[in-house]
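Worksheet for the structure shown next.
The values are calculated or read from the model by the stated rules, or taken from the named source; none is laboratory data. It should be emphasised that the depicted structure is a prediction, and the values quoted were computed from it without experimental measurement. Positions of Cβ are generated from backbone atoms using ideal geometry, with glycine treated the same way; all protein chains shown enter the neighbour counts.
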Amino acid sequence: MSENPNPRIRQEIFFALKLATVMIGAALLLTLAHRQGWIDGEMVVRANNIVLGLALAAFSNVIPKMYGPPPRNLYQATLAQAVRRVNSWAMTLAFLVWAALWAFAPRDIALIGSMVAVGASIVITLGYTIWKAKSASGR
Amino acid sequence: MNSVFKALADPTRRKVLELLRQRPMTAGELSDHFPVSRPTMSAHFAVLREADLIEANKIGTTILYQLKLSVLEDALLGFTQLFGIGAEQTREGADE
C-alpha cells in the first residue's frame, strides 16, 4: 500500500539539494580556477554545462520514483505511469545529449544543439501526454 | 542497488515488470499470467517492492501495482531481457 509519503518527500528534497550543491559547487570551483588562471573562460563554460547536464540527467532519471498523489482510479494510474516514464526517458536522454555536446562538439553546435535536445524532449513529453489522454478518454 | 540486481535476476519478477510496463495491474491479474501459487507471487511482489521497482496503491478494495523504474533500471531490465539472463532457469523449471 502507499506508505507515509513524508520520508519519501524528505529523501527527494535531500537528493535535489545534493544535486544543487554539486552544480553550485562546481560553478564556484570553476570560477576560482579561472581567476587563478588555471583554466580559460571557454573551459569554464564547457565544464559548467557538462556538470549541469549530468546533474539534470540524474534528476530526470528518478522522475518515475518521485512522489505523486495516489491514483484514484485505473485510468489515472495508467496515464500517470505512462507519462512519467516517457517524460523521464526523454529528459534523461536530452540532458545526456546536452552534456555530450558540451564535452565534444564545437561551441556553436553545442549551444544550439543542447537547447534543441531539451526543447525536443519537452515537445515529446507534452505531445505524448496529450495523445495518451485523448486516446484513453476516447475508449 | 543490490536489491535491484537481486530483483532483476529472477525471470518471473522480470516478467512482472514487463507486464506492468503495459499498464498498472492488480495482484490477481498479474498472478493469472504465471503457473505459480498466490503466496509465491506475493513473495515476488515483496522483493520488487523492497527494491523500490513497483508500488502498491489501494483503489477501493483492490490493490493496484504500478511500475516505479528509473531510466537506469528500465535500461537494465531491457538488457537482461535482451541477453536472456535467467531464461535457462525458466526453461528448466517449465520442463520439470
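Figures for the structure shown
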quantity: Residues located in the range B:1-12, provided they are without any contact (Cβ under 8 Å) to a residue 12 or more places away in the chain and assigned to a loop (DSSP other than H, G, I, E, B); calculated: B:Met1
quantity: Scan of the range B:13-46 for residues that are touching a residue at least 12 places away in the same chain (Cβ under 8 Å), of a type in the set (Val, Ile, Thr), surrounded by fewer than 18 Cβ atoms within 10 Å (Cβ to Cβ) and more than 14 Å from chain A (Cβ to nearest Cβ), ordered by number; calculated: B:Val36
quantity: The listed residue being in a helix (DSSP H, G or I), over 30 Å from B:Thr61 (Cβ atoms), of a type in the set (Ser, Thr, Tyr) and out of contact with any Ser or Thr (no Cβ under 7 Å at 6 or more places or on another chain), out of A:Thr125, A:Thr78; calculated: A:Thr125
quantity: Top-ranked residue of the range A:67-83 - restricted to ones that are in contact with a helix residue (DSSP H, G or I) (Cβ under 8 Å, 6 or more places away or on another chain) and facing chain B (nearest Cβ under 9 Å), ranked as farthest from A:Ala16 (Cα to Cα); calculated: A:Thr78
quantity: Residue check, A:Leu29 more than 16 Å from A:Ala103 (Cβ to Cβ), modelled with pLDDT under 95 and hydrophobic (A, V, I, L, M, F, W, C); calculated: no
quantity: Unmet requirement for A:Pro71, which otherwise passes all of (1) over 20 Å from A:Ile13 (Cα atoms); (2) in a helix (DSSP H, G or I); calculated: (2)
quantity: Flag if A:Ser114 is in a helix (DSSP H, G or I) and touching a residue at least 24 places away in the same chain (Cβ under 8 Å); calculated: yes
quantity: Output for the range A:60-94, where each listed residue is touching a Lys or Arg at 6+ places or on another chain (Cβ under 7 Å) and modelled with pLDDT under 90; calculated: A:Tyr67
quantity: Top-ranked residue in the range B:47-56 [being of a type in the set (A, V, I, L, M, F, W, C) and assigned to a loop (DSSP other than H, G, I, E, B); ranked as surrounded by the fewest Cβ atoms within 10 Å (Cβ to Cβ)]; calculated: B:Ala51
quantity: Among (1) closer than 27 Å to A:Gln11 by Cβ; (2) surrounded by fewer than 19 Cβ atoms within 10 Å (Cβ to Cβ), the one test that A:Phe59 misses; calculated: (2)
